[in-house]
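Below is one structure, written out as structure tokens; comments come after it.
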Amino acid sequence: MKRVAYLCVDPGVPVFGTKGASVHVQEIVRAWRGREAEVTLYCTRIGTDIPVDLADVRVVTEPVRGKGPERERAQAAAAESLARKIIVDGADVVYERYSLFSDALARVTSQLGIPGFLEVNAPLIDEQRIHRTLHDESAALRFLQAQVAAATRTVCVSDPVAGWVRERVDQEHHARVRTVANGVNVSRIRPAAEASGKPVVAFVGTLKPWHGVEQLIEAQALGTRQWSVRVVGDGPQGDKLRSLASSLGADVEFTGAVAPESVPGLLAGCALAAAPYPRTPDDDGQYFSPLKIYEYCAAGLPVVASRVGQVPGIIDDGVTGLLVEPSNSRALARSIDELVAAPLARAAMSSAARRQALENHSWDIVLDRITAEVVA
């Protein structure tokens, strides 16, 4: 049996948490286990929402403490410690979710001579500098360059993220940088019949500005009001969005944060789903790979989504959903109204969306794309 060491040194990502990043970790672990691999998780934060089917996964932790520059140094020390533990434990493959100040993959591959996969989900150096505080950007860049140089393959969730990596590493490594978009667990998330009564439009995700939930709430208030909204998740904007819904008299249910295994039950019975990403100042701002859209498709929900980033490559306009201009609440309302009034069109889109998820976006297919042409 192949031994896989999965590394997540980012203290902001609990491997057993409710964030999209946590779901991503869990699904890649499941995909490796689906290949009969023995997976050990090496991380800095465990979380408390341990899925039943992953309860037997061995987890090795090295918590990160401190603030400011001390925290950045602590993360580097945790990466070094976790790498030492992997080297002692032994592994046949190392797979790391990219984080700031980790060179663990480079340490492990150099010592054990095994394939290493580096997964890059976002331009973390830029995100940290813009949205939080980055004390030692030069060190963060050196860690990224060391990791990419050591990786057998660096996989990025979108072309903008791949471009961001290539701009920061030597050209000799560019050919090993690939784009592999996110996926969905098509066994965990399945279609269900629509509930009777007023159609429900689902939204799933952490409530942060770049998800555009504000536009969805405004659309509910601007539209025919023959449908309601279910917001699954919570986050920094939660209070503001609940106040907005109340002030507009919008029909919105907020479920709060839920464990990933509860999401399928909350999508069941919904009529369609929304991904109302707002407009950004430039195209490179849309570097995400939208987990939620893959989940909507797996649930057989027609998707009304903004025409940004990877979205037009996932949603076939008029076939699996409808695309709208971003940051336009009235256009969003019109498209949802159109689908709410067309149950036969919704049914056809539902089948097409599920088929799309099965044929192109399962996590098993994603892992095949990541490891293609690499002995792993």
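The values are calculated or read from the model by the stated rules, or taken from the named source; none is laboratory data. Note that this is a predicted model, so its numbers are computed, not measured. Methodologically, a virtual Cβ is constructed for each residue, glycine included, from the backbone with ideal geometry; neighbour enumeration extends over all protein chains shown. To get the accessible areas, we keep the full protein, side chains included, count just its heavy atoms, and leave off ligands, DNA and RNA. Shrake-Rupley method; radii C 1.70, N 1.55, O 1.52, S 1.80 Å.
Of all residues in region 319-351, exactly one satisfies the criterion of being in a helix (DSSP H, G or I), surrounded by fewer than 19 Cβ atoms within 10 Å (Cβ to Cβ) and among the hydroxyl-bearing types (Ser, Thr, Tyr), namely 351.
Among the residues making up region 224-237, those that are at pLDDT 95 or above and open to solvent by less than 20 Å² (accessible area, probe 1.4 Å) are 227, 228, 229, 231, 232.
Let's see how each residue does on (1) open to solvent by 10 Å² or more (accessible area, probe 1.4 Å); (2) without any contact (Cβ under 8 Å) to a residue 60 or more places away in the chain; (3) not in a loop (DSSP other than H, G, I, E, B):
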position	(1), (2), (3)
1	yes, yes, no
10	yes, no, no
21	yes, no, yes
27	no, no, yes
42	no, no, yes
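All conditions in (1) in contact with a helix residue (DSSP H, G or I) (Cβ under 8 Å, 6 or more places away or on another chain); (2) surrounded by 16 or more Cβ atoms within 10 Å (Cβ to Cβ); (3) under 17 Å from residue 292 (Cβ atoms) hold for residue 190, with the sole exception of (2).
Checking each residue in region 352-376 for being part of a helix (DSSP H, G or I), of a type outside the set (Asp, Glu) and open to solvent by 80 Å² or more (accessible area, probe 1.4 Å) picks out 355, 358, 369.
Taking the stated definitions as given, is residue 218 open to solvent by 30 Å² or more (accessible area, probe 1.4 Å), within 30 Å of residue 34 (Cβ to Cβ) and not in a loop (DSSP other than H, G, I, E, B)?
no
Name the residue that is least open to solvent (accessible area, probe 1.4 Å), counting only residues in region 108-136 that are part of a helix (DSSP H, G or I) and under 22 Å from residue 288 (Cα atoms). Don't jump to the end; show me each part of the working.
Here is the first cut: in region 108-136, the ones part of a helix (DSSP H, G or I) are 108-112, 124-131.
So of that shortlist, the ones also under 22 Å from residue 288 (Cα atoms) come out as 124-131.
On the way: 124: 31, 125: 5, 126: 33, 127: 40, 128: 39, 129: 106, 130: 118, 131: 114 Å².
For region 108-136, the residue satisfying everything is 125.
Between 357, 342, 352, the distinction of being out of contact with any helix residue (DSSP H, G or I) (no Cβ under 8 Å at 6 or more places or on another chain) and within 17 Å of residue 298 (Cβ to Cβ) belongs to 352 only. Any residue at all in region 290-299 that's under 21 Å from residue 24 (Cα atoms), at pLDDT below 95 and open to solvent by less than 10 Å² (accessible area, probe 1.4 Å)? Looking for residues that are under 21 Å from residue 24 (Cα atoms), at pLDDT below 95 and open to solvent by less than 10 Å² (accessible area, probe 1.4 Å), one finds at least one in region 290-299, hence yes.
One residue is enough: does region 257-276 have a residue meeting the conditions touching a strand residue (DSSP E or B) at 6+ places or on another chain (Cβ under 7 Å), within 13 Å of residue 200 (Cβ to Cβ), open to solvent by less than 30 Å² (accessible area, probe 1.4 Å) and in a helix (DSSP H, G or I)? Yes, region 257-276 contains a residue that is touching a strand residue (DSSP E or B) at 6+ places or on another chain (Cβ under 7 Å), within 13 Å of residue 200 (Cβ to Cβ), open to solvent by less than 30 Å² (accessible area, probe 1.4 Å) and in a helix (DSSP H, G or I). Going residue by residue through region 129-147, is there one that turns out to be modelled with pLDDT of 95 or more and β-branched (Val, Ile, Thr)? The answer is no, given that none of the residues of region 129-147 is modelled with pLDDT of 95 or more and β-branched (Val, Ile, Thr).
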